[in-house]
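Following: one structure in C-alpha cells, then a few remarks.
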Amino acid sequence: MEIPKPVPVAVEIKDAPPAELTRCADRPAGLPEDPALLAQIPTAARLGFIRIAKAFAVNAAQLDRLINWNAPGSCPGKVK
C-alpha cells in the first residue's frame, strides 16, 4: 500500500501588510567614539550597551530582510 504524498499548495496573499510593518529599520547614530568619553563609562555598563546594540542590529537586519523578501530592494543592504 502506497502512502499518498502531500501536494504543496501556493496561496496568494490578497491583503498587503500595513505600512508600519513595511518600513525599513531605523538605525540611529551610536555613542560618540571619543576614547576619553568611553573611558568614563564603567566596564559593566559599556558591555551592556554593546549587548543591546548587537541585539538591536540583529533585529534591524531581520526586519530589513523580511521587508526585502516581500518587496525586493525596499531596504538598503548592510549598514555599518
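Since every read-out is calculated from the coordinates, none of them should be taken as a lab result. Note that this is a predicted model, so its numbers are computed, not measured. Backbone-built Cβ (ideal geometry, glycine too); neighbour counts: all protein chains shown.
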Candidates for volume of the Cα convex hull per residue in Å³ are [x] 143; [y] 175; [z] 92, and the calculated one carries label [y]
For the chain the mean separation of alpha carbon contacts under 8 Å (6+ apart) over residue count, i.e. relative contact order in percent, is 35
By the mean-Cβ-within-10 Å protection proxy, highest first, 17-23, 54-60, 7-13 rank as 54-60, 17-23, 7-13
In degrees rounded to 10, the 0-90 angle between helix 43-70 Cα long axis and the longest Cα principal axis of the chain is 30
Once the dipole of the chain is set up from charges on Cβ (+1 Lys and Arg, -1 Asp and Glu), the residue from the list Leu63, Ile50, Pro4 lying farthest towards its positive end is Ile50
Per the helix-only model, the chain has a calculated mean residue ellipticity at 222 nm (DSSP H runs of ≥4, -39500 (n - 2.57) each, divided over all residues, rounded to the nearest 500) of -13500 deg cm²/dmol
Magnitude of the Cβ-charge dipole (Lys and Arg +1, Asp and Glu -1) of the chain about the Cα centre, nearest 20 debye, reported as 260
